[in-house]
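**Student:** Please see the structure below; I have some questions.
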Amino acid sequence: MQRSTGLALATFVAVVAIVAPILISVRIAWNQSLSTEKANALLYARDVLRRSSETADQFRKSNDQLNQDHLPPCSPAEIKIMQQIDIGSSYIQAVGRISGNKLICNSLKTNEPIDLGPPELVTDRGVTERNQIHLSVAPSATLSVISWGGIAAIIDPSLLVDTPTEGPDVSFALFVPSSPKRSVIGAKGRTIPFAWLKVIPSGAETTFVEGGFVVSVVRSSQYDFAAVATVPEDYAIRKAQQFAIAFVPIGLVCGFGLAWAVLYISRQRFSLSSALRSAAKHGDFFLEYQPIIDLQNNRWVGAEALIRWRKNGRTIPPDQFIPFAEESGVITLITEQVAIIVAKDLPQLLRLDPSFTVALNLSAKDVSSEATLDVLSKLLQSSG
């Protein structure tokens, strides 16, 4: 690898090491923020469903109590029980008896029957629902009347969706899944698109992101209604920015740490490459000869030439520079140095023993390089 190419690659890796942790930090911040808003939307929808379920439970108990007491309908005794039911109910505003489209008596102490008009919805369980009802006792309030078994409950739907939120732009709706029009019983905030009033299995929950909002839908397992809550996606963006203030500095520290490590290691490698080339040029390598013994007669028949490097007065073990020399291509220069040193030492050995042999280690690059033939030829010529 050429030095300029290596430096360019190291710089690129260093830049990636800085940028990647920042991008990862931003991504983590966004995922964390979005998960938080999904959890919030689900909690809001569950709270609306809880309020609605409690209201339905109270209505069912009221219905059972009034029909099981067997008191004369609309008698003073029954009206008194209705008023007791009002006091003990959290969300039911009033209770009465209904016949046809008229509320013939109720706990509000009104003597005249009240015409409610035809129901807007009759569920498959026989429950009738009338919305947008205005009564003279509370002309400013928009009420809903739920009736079943001759008993009616007057409900303020705004109480069902009066869930505290972290921001003013959160919207709610309570709707009837079995209704083709997804009849909305109560709502708060902006109008929720019909497509978001999803029909899901009883007792199920779902959360999705669409149209710039996080939407959660929760359906009751007992009653024919479902709650939906929507949270602006901007809430998650603002939270992500807050998270990023904490995460990005950490990412920067990690990134610069990685970049420093990459550049440091690269400099060390390039320094090592330059040092090896300089050592080969200035003859800083020397050989140690490892004996080769014939075990049949215990005779010393040859030696293996082992390269060593002396740098700044210290001998560097071969396992610390040979692998890098092979990787960087400097190994061919080192092999040439080995041949030169052996060419100087071999004549003396051959005068002592003409059959003496010296083994040289070749790397894969040496074997595949034609220059190795020239190196060995020169070795034979100079050594005799």
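**Student:** Starting with the highest mean, order 163-169, 50-56, 319-325 by the number of other Cβ atoms within 10 Å, averaged over the residues of each peptide.
**Tutor:** Descending packing order for the listed peptides: 50-56, 319-325, 163-169.
**Student:** Could I ask something else about it? Which order do peptides 224-230, 374-380 fall in by mean Cβ count within 10 Å, highest first? The partial results should precede the final answer.
**Tutor:** Working: 224-230: 26.4, 374-380: 14.6.
With the highest mean Cβ count within 10 Å placed first, the list reads 224-230, 374-380.
**Student:** List, in order, the whole-Hz ³J(HN,Hα) value for each residue of segment 72-87 obtained from phi through the Karplus relation with A = 6.51, B = -1.76, C = 1.60 and θ = phi - 60°; use x for Gly and Pro.
**Tutor:** Residue by residue, segment 72-87 yields x, x, 6, 6, x, 5, 6, 4, 5, 5, 4, 5, 5, 5, 4, 5 Hz.
**Student:** State the extension gain, in nm to one decimal, for the chain segment bounded by ILE237 and TYR289, taking 0.36 nm per residue of separation less the distance between their alpha-carbons.
**Tutor:** Values: separation 52, 0.36 × 52 = 18.72 nm, distance 7.02 nm.
Stretched out fully, the ILE237 to TYR289 stretch lengthens by 11.7 nm.
**Student:** Another one. Using a basic spin-label model with each label point 7 Å from the Cα along Cα→Cβ, how many nm lie between THR191 and SER382?
**Tutor:** For THR191 paired with SER382, the spin-label model returns 9.5 nm.
**Student:** Just round it to a whole percent: the fraction of Cα-Cα distances in segment 331-384 exceeding 18 Å.
**Tutor:** Here the long-distance tail beyond 18 Å is 30 percent of all Cα pairs in segment 331-384.
**Student:** Using θ = phi - 60° and the Karplus relation 6.51 cos²θ - 1.76 cosθ + 1.60, list the HN-Hα couplings for segment 42-54 in order, rounded to whole Hz, with x at every Gly or Pro.
**Tutor:** Taking θ as phi minus 60°, the curve returns 5, 5, 4, 4, 5, 5, 4, 5, 4, 4, 5, 5, 5 Hz for segment 42-54.
**Student:** I would also like to ask the following. Can you quote the Å³ per residue value for the convex hull of the Cα atoms in segment 172-243, rounded to an integer?
**Tutor:** 90
**Student:** Could you pull out every residue, at least 5 positions away or on a different chain, whose amide H is within less than 5 Å of the one on ILE185? Hs are placed 1.01 Å off N in the peptide plane, and Pro or chain starts have none.
**Tutor:** Residues meeting the criterion, in which the H sits 1.01 Å from N, are LEU174, PHE175, VAL176.
**Student:** Rg and Dmax of segment 50-111, using alpha carbons, in Å: what are they?
**Tutor:** 11.4, 34
**Student:** From the phi of every residue in segment 364-373, what ³J(HN,Hα) in whole Hz does the Karplus formula 6.51 cos²θ - 1.76 cosθ + 1.60 yield, where θ is phi - 60° and glycine or proline is x?
**Tutor:** Each residue of segment 364-373 in turn: 4, 5, 5, 5, 8, 9, 5, 5, 4, 4 Hz.
**Student:** State the percentage of accessible surface on segment 89-143 attributable to carbon and sulfur atoms; use a 1.4 Å probe and exclude ligands, DNA and RNA.
**Tutor:** With neighbouring chains kept in place, the figure for segment 89-143 is 47 percent.
**Student:** I've got another one for you. Mind giving me the nanometre distance, one decimal, between the label points for ILE340 and ARG50, set 7 Å out from Cα along Cα→Cβ?
**Tutor:** Placing both labels 7 Å beyond Cα along the Cβ direction yields 8.5 nm.
The values are calculated or read from the model by the stated rules, or taken from the named source; none is laboratory data. Remember, predicted model here, so these are calculated numbers, not experimental data. Don't worry about glycine lacking a Cβ; one is built from the backbone with ideal geometry, like all the others, and counts go over all protein chains shown. Calculation scope for accessible area: heavy atoms of the full protein, side chains included, ligands and nucleic acids excluded. Shrake-Rupley method; radii C 1.70, N 1.55, O 1.52, S 1.80 Å.
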